[in-house]
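Read the structure below first, then the notes.
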Amino acid sequence: MIFEPDFETLPREAMRALQGDRLRALVGYVHDRVPAYRERLRRSGVSASDIASIDDITRLPITRKSDLRDHYPFGLLAVARGEVRRVHVSSGTTGKPTVVAYTAGDVDLFARVNARSLAMAGAEPGMMLHNAYGYGLFTGGLGIHYGGERLGLNVVPVSGGMTERQMTLITDFRPEVITCTPSYALTLATEFLKRGIGPDEISLRFAVLGAEPWTDGMRAQIDAALGVKSVNIYGLSEIIGPGVSCECVEGRDGSHIMEDHFFPEILDSESGEPLGDGEEGVLVLTTLTKEALPLLRYWTGDITSLTRAPCPCGRTLARMRLIKGRTDDMLIIRGVNVYPSQIESVLARVPELSPHYRIVVRRDGTLDGICVHAEVSDAFFREVGRAVLSQEVVESDHRLRDLRERLAMLLRDIIGIAMAVELLPPGEAPRSEGGKLNRVTDSRR
Ligand code: DLL
């Protein structure tokens with residue numbers, strides 16, 4: 001079913017006209033309400049009356065994650081604080097998180113775009129949804145939750161983790177739809193396999209997977225093991241959360257962008273020049289209707305391409321391919337965004353450590369694991385008086401053991417996911433030799 005057919009099947013010319021009107025209103029709105037944008041627009045020499053059509057979007061300034069950081073926490077809000085009904089938070093590049101805010105109207109939009117997404121994925125009113133995205137500051141859990149209720153689903157707010165309990169609930173409640181990260185879908189698939197439960201015995205029919213990159217290879221594995229048709233759902237907190245785009249179950253060939261609300265552009269990652277359909281570059285999104293935190297041309301850092309070719313589902317919304325990678329060094333570990341610079345800022349708080357480190361990411365079974373190799377300082381190394389820092393040595397020396405545990409706790413508390421920690425003796429972590437220093441070994445790809 002199509003949740004909002006009036007918009008999802010709008011002829012392309014009518015869509016362009018709607019987008020142009022909404023963009024003109026948006027430019028006036030941010031000019032009047034957000035001092036930082038007023039200044040940017042003044043410098044670019046553009047005002048609302050210059051927006052004749054959506055094509056004029058290229059005249060507007062780009063917004064980046066650093067702009068949100070510079071105006072942390074609420075400096076880019078376009079409404080009074082009392083108008084805000086919800087905030088969510090995602091990873092920032094340093095110690096401070098990225099804060100996003102919603103008015104009542106934004107919360108309603110968030111529910112509608114997720115209701116659209118779940119309907120695209122095959123869900124129908126009356127079905128049960130097992131929602132295993134994390135609830136809380138992460139947009140995944142609540143975003144899908146409200147979308148599910150809006151569509152008329154029976155939502156089970158399981159949240160992430162506790163696989164044993166998830167297995168019991170899926171087996172006993174018999175939901176038709178599941179929402180989680182693709183890697184977690186694989187974890188559940190492996191659990192079912194271990195118990196000898198085949199795809200025909202599992203009640204699930206549709207899986208709506210996202211929040212991290214995945215491939216058609218993983219899709220085939222998940223579909224076969226769980227007996228589902230899985231689709232990709234994409235989004236980012238800065239724009240709204242999940243529900244920026246989603247694949248339809250009929251096509252499963254690119255995610256339909258809710259482009260009446262989020263206008264997509266693809267720009268060359270180096271030159272910033274606009275690229276055409278089919279060409280790969282950075283996805284840049286403009287929120288056409290958001291009230292609390294409207295963003296002009298937000299540089300997502302995600303690499304993909306667009307197509308406006310007709311789709312068998314009948315929707316006319318443009319589609320984006322699966323995300324190929326990112327332009328920055330952001331890692332996604334079990335659906336949580338982690339910047340190496342965040343880890344670095346935690347290490348800097350621990351006086352026994354040097355500023356040098358290495359990050360190792362690997363897939364342990366179906367789940368991602370991250371290990372931080374932190375180098376101890378010369379002074380602390382001398383004080384401890386050990387020749388080597390093997391696992392056994394760290395285990396047997398309480399000062400080293402304490403340091404490792406303290407660091408693991410700090411990383412978990414500040415960044416929000418558990419990381420393994422290994423200590424290295426001075427001089428062991430990589431140093432820059434003039435070129436770009438690569439501190440991350442990611443063996444998942
Ligand atoms: O991950 C929102 C979301 C929740 C999307 C649940 C889908 C499902 P953030 O935590 O702000 O928001 O992370 C946004 O995650 O810029 C991408 O790099 C990545 N990402 C999100 N969805 C996908 C996807 C949520 N389907 C960042 N494929 C984005 C690849 C994705 N990467």
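Quick notes
- Rg followed by Dmax, in Å, when segment 53-192 is reduced to its Cα trace: 18.0, 55
- Accessible surface, per residue, of segment 179-318 when the full set of protein chains is kept, probe 1.4 Å, Å²: 31
- Ligands, DNA and RNA left out, the accessible area of segment 231-375 computed with a 1.4 Å probe is 47% carbon and sulfur.
- Isolated Cys residues of the chain, judged by Cβ distance under 4.7 Å to other cysteines: Cys180, Cys246, Cys311, Cys371
- Values of log10 I(q)/I(0) for segment 171-228 across q = 0.24 Å⁻¹ run -0.96, by the Debye formula with one identical scatterer at each alpha carbon and no solvent.
- Helix 139-151 and the long axis of the chain differ in direction by around 30°, with both axes built from C-alpha atoms.
- Whole-percent carbon and sulfur share, accessible surface of segment 39-162, 1.4 Å: 51
- Within a straight-line Cα-Cα reach of under 28 Å, Lys194 can be paired with the following lysines, leaving aside sequence neighbours fewer than 8 residues apart in one chain: Lys229.
- Spin-label model distance (nm) - Arg38 vs Leu367, 7 Å beyond Cα toward Cβ: 5.0
- Taking amide H positions as modeled 1.01 Å from N, with prolines and chain starts lacking one, the residues under 5 Å from Leu236 and 5 or more places away or on another chain are Gly241, Val244.
- Longest DSSP-loop-exposure-free segment, GluC sites (Glu not before Pro), the chain, at most 10 other Cβ within 10 Å: 1-269
- Coupling constants for segment 222-235 follow from the phi torsions by the Karplus curve (6.51 cos²θ - 1.76 cosθ + 1.60, θ = phi - 60°), and in residue order they are 5, 4, 5, 6, 9, x, 10, 9, 9, 10, 8, 10, 10, x Hz; glycine and proline get x.
- Our coupling estimate for segment 240-245, obtained by passing each phi through the Karplus curve with A = 6.51, B = -1.76, C = 1.60 and θ = phi - 60°, is 5, x, x, x, 5, 8 Hz, Gly and Pro reported as x.
- Euclidean distance of C-alpha centroids, segment 107-155 and segment 325-339, integer Å: 24
- Solvent-accessible ranking of Phe381, Phe262, largest area first, probe 1.4 Å: Phe381, Phe262
- Percent of alpha-carbon pairs separated by more than 13 Å within segment 50-125: 75
- Using only Cα coordinates, the Kirkwood hydrodynamic radius of segment 344-445 works out to 14.3 Å.
- Spatial separation of Cα centroids for segment 1-64 and segment 231-297, in angstrom: 14
- Using the Cβ-Cβ distance between Asp108 and Arg165 with R0 set to 22 Å, the FRET efficiency works out to roughly 0.10.
- Accessible solvent surface per residue of segment 1-140, calculated while the other protein chains remain in place, 1.4 angstrom probe, Å²: 43
- ³J(HN,Hα) computed for each position of segment 187-194 - Karplus, 6.51 cos²θ - 1.76 cosθ + 1.60, integer Hz, glycine/proline x: 4, 5, 4, 5, 4, 4, 4, 4
- The label point for Arg382 and the one for Arg16, both projected 7 Å from the Cα toward the Cβ, are 7.1 nm apart.
- Remark: segment 325-445 carries 52 Å² of accessible area per residue (probe radius 1.4 Å; ligands, DNA and RNA excluded).
- One chain, two ends: Arg431 and Glu124. Fully extended at 0.36 nm per residue, the span grows by 105.0 nm beyond their Cα-Cα distance.
- Computed on the Cα trace of segment 206-291, the radius of gyration divided by the Kirkwood hydrodynamic radius gives Rg/Rh = 1.02.
- FRET efficiency for Thr441 and Lys324, using Cβ-Cβ distance with R0 set to 25 Å, rounded to 0.05: 0.80
- In plain terms, the bigger the Kirkwood radius, the slower the diffusion; for segment 141-239, with that radius from Cα pairs, at 4 °C and 1.567 mPa s, Stokes-Einstein puts D at 93 µm²/s.
- Sequence-distant residues sharing a close amide H with Leu288 (under 5 Å, placed H): Phe262, Phe263
- Stretchable slack from Glu83 to Val360, in nm (0.36 nm times residue separation minus alpha-carbon distance): 95.4 nm
- Expected 222 nm ellipticity per residue - DSSP helices of 4 or more, -39500 (n - 2.57), all of the chain, to 500: -10000 deg cm²/dmol
- Shown here: the chain, whose C-alpha atoms stretch 73, 61, 42 Å along the first, second and third principal axes, sorted largest to smallest.
- Candidate cross-link partners of Lys290 among the lysines, defined by an alpha-carbon separation under 19 Å and a same-chain spacing of 8 or more, comprise Lys65.
- For Val421, distant residues with modelled amide H under 5 Å away: Val372
The values are calculated or read from the model by the stated rules, or taken from the named source; none is laboratory data. The shown structure was predicted, so the numbers you read here are calculated from the model rather than taken from an experiment. So basically every Cβ, Gly included, is an ideal-geometry build from the backbone, and we count neighbours across all protein chains shown. Note: accessible area is taken over every heavy atom of the protein model, side chains too, but ligands, DNA and RNA are not part of it. Shrake-Rupley method; radii C 1.70, N 1.55, O 1.52, S 1.80 Å.
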